[in-house]
Amino acid sequence: MSQPIRTRFAPSPTGFMHVGSARTALFAWLIARQQHGQFILRLEDTDRVRHVEGSAEHLIKSLRALGINYDEGPDVDGPYGPYIQSERLAIYRQWAEKLIETGRAYADPYTPEELEAFRAEARANKQAFLYRHHRPTNPPAWDGTTPLRLKSEPKAYHWHDEVMGDLSSGPEVIDDIVLIKSDGYPTYNFAHIVDDAEMKVSHVIRGQEFLASTPNYLNLYEALGLDRPIFATMPHIMAENGRKKLGKRDGAKDILDYLRDGYLPETLVNFIASLGWNDGTEQEIFSVEELIDKFSLDRVGRSGARFDEKRLEWMNGQHIRNLSTNELAERAVNFWGESAKATSPERQREILELVKDRLKTLADLPLLTEYFFERPAPNWSMVNDNKQLSKLSNDELIGYLELARQKFETVDWDSNNLQIQLNGLLDQTGQKPGILFSLIRLAVSWAPFSPALNDTLAVLGRDETLARLDLAIETGRQL
RNA sequence: GGCCCUAUCGUCUAACGGUUAGGACAUCAGGUUCUCAUCCUGGCAAUCCGGGUUCGAUUCCCGGUAGGGUCACCA
């Protein structure tokens, strides 16, 4: 054992959790769990303008819903707290003072307008903007009312990234980045480095948007006299239509919305992990335990992936079918229709068993099971629209229904026997299942689809089946 | 525009110099004594382009092209 593994997820409370941030969190968590290390949640709330009320709670709720638990965080005490940056201002101040003392930080004397003029100039020259080209020769003492900047030492860097491989950059990207803003809050650039060091974070796992500024972080680590952590940079997840980074404006959905739409947490975890990662085998469906066991950063791909909801839907079906009926019943409680909620858990499970193979999301439940709970109104046009049934006369159809009704009055009412009786009916009438079974199925369900006829009847019960047949016969006669 | 990253079926991806370029989703066609689904079988479908290196390149190198990121007192 060398260094203890400590990873973190460090979102800013400026919105909800989408698939991109969820994946970063998931991968950091998987590493920590696999290596028996710690996973930390740190709230990076240093942007007071963009702060969104309730966002932190939303983020925490999302993590919990996905089963991504953290060992240290805003609401979980740990040895390196507080875990909210706005409560750590004194710490940043101390590190900033140290940089001022060593001559590595200075007050920024320019007004925003002057800065903007510098930028415009760079743009006009078709060059990247570099503040250090305008570094003041005699900056005033920093009094906390102006930004504090790093006095950078431009140089080329080479570093290793667990996902991206060996990376390098030239001195031209190194600049005097802002450490503390004029409102007294640290920038992300400064705060996350201080916090990661203080919190003994071993692996910094984050999105690709930070790749370009990594050389500047390297410069800052050196100025602070800190060792660099292990870096792992995740490629972006892209919107389904279009190739840009999946952002909120591009229709990135709230992770909680997927849960509300009837996707299982384990589906989301499996799916998000499979966007850019696989174990090298042809396995597609992974349990969370398997992911913890098999995940590795060096098998994460370097190119961006698109989010394909069709594949998500398929995967959800797979996970639903992997659930026992009891487990499925627990997940389904909030998805039943009104009349279904009123029935017994035993009956719910019985029906769940029948429709399990048909569920893509739990939200499909009401549509798929409605007619079990509420007697449907006969809709004879479904008979007329049926290619085979429409060839028969009404009298013939009613005759078959009456025959079935008669038989059902006395037989043992279980799925197996019902199949035997239905087969007997086939022999008796010399009719094809396409005719006879379709007719009875419609007469008891009036639904475009249902489970196998014998199963449907078994669950419906004899009384209800007979009542529905009576209703169908009566309706047919009136035509 | 500068800098950085990326590039295999429509989509997610496998193949770490030698394969008929594999799997999955989607799609199409069949099968499972009725429907819808599940499940099974099969079909269609890809190495961005151009140079090198090599006996041999999806794979290594260079150049294009395309996409993404970044150049904030946002993270």
Margin query: Need one word for the stretch A:325-372: rounded, prolate or oblate. Basis is the Cα gyration tensor (sqrt eigenvalues a ≥ b ≥ c); a/c below 1.5 gives rounded, then a/b vs b/c decides.
Written below: rounded
Checklist line | At R0 = 35 Å, FRET efficiency that the Cβ-Cβ distance of residue A:364 and residue A:281 yields, to 0.05 | finding: 0.70
Next item on the list: Report the full-extension gain for the segment residue A:110 to residue A:49: residue separation times 0.36 nm, less the Cα-Cα distance, to one decimal in nm.
Entry: 19.8 nm
Check: Once the Cα atoms of helix A:415-429 and of chain A are each reduced to a long axis, what angle between those two axes, in degrees from 0 to 90 to the nearest 10, is obtained?
Finding: 50
Margin query: At R0 = 22 Å, how high is the FRET efficiency between residue A:423 and residue A:462 if r is their beta carbon distance? Nearest 0.05 is fine.
Written below: 0.75
Item checked: Peptides ranked, highest mean first, by Cβ atoms within 10 Å: ranges A:417-430, A:13-26, A:169-182 -> A:13-26, A:169-182, A:417-430
Next item on the list: Among the aspartates and glutamates, select those whose C-alpha is under 12 Å from the C-alpha of residue A:294, and discard any that sit fewer than 8 residues away in the same chain.
Entry: A:279
Check: Quick one: of the DSSP bridges fully inside chain A, what percent are antiparallel, nearest 5?
Finding: 50
Check: Excluding same-chain residues fewer than 8 positions from residue A:310, which aspartates and glutamates have a Cα within less than 13 Å of its Cα?
Finding: A:240
Check: HN-Hα J couplings of the stretch A:73-78 from phi, Karplus 6.51/-1.76/1.60, θ = phi - 60°, integer Hz, Gly and Pro as x?
Finding: x, x, 10, 10, 4, x
Next item on the list: Express the Stokes-Einstein translational diffusion coefficient of chain A in µm² s⁻¹, to the nearest whole number, given a Kirkwood radius over alpha-carbon pairs, 25 °C and a viscosity of 0.890 mPa s.
Entry: 91
Next item on the list: At 0.36 nm per residue, minus the direct Cα-Cα distance, what do residue A:122 and residue A:86 gain on full extension? Give it in nm, one decimal, please.
Entry: 9.6 nm
Item checked: Distance (nanometres) between label positions extended 7 Å along Cα→Cβ at residue A:326 and residue A:143 -> 7.2
Note to self: On a full-extension model of 0.36 nm per residue, what is the gain between residue A:77 and residue A:342, subtracting their alpha-carbon distance, rounded to one decimal in nm?
What the structure shows: 91.2 nm
Checklist line | For the stretch A:157-221, convex hull volume per residue from C-alpha positions, Å³ | finding: 93
Notebook entry, point to check: Got a sec? Which residues in the stretch A:403-434 would a label at residue A:477 touch, if it sits 7 Å along Cα→Cβ and we count backbone N under 18 Å?
Noted result: A:403-409
Checklist line | Qualifying GluC sites (Glu not before Pro) in the stretch A:248-304, DSSP loop, other Cβ atoms within 10 Å at most 10 | finding: A:282
Checklist line | Computed [θ] at 222 nm, helices only, for chain A once each DSSP H run of length n ≥ 4 contributes -39500 (n - 2.57) | finding: -13500 deg cm²/dmol
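Bear in mind these aren't lab numbers, they're just calculated from the coordinates by the rules spelled out. Quantities reported herein were computed from a predicted structural model and do not represent experimental measurements. When we count neighbours, we look across all protein chains shown, and the Cβ atoms used for this are built from the backbone with ideal geometry, even at glycine.
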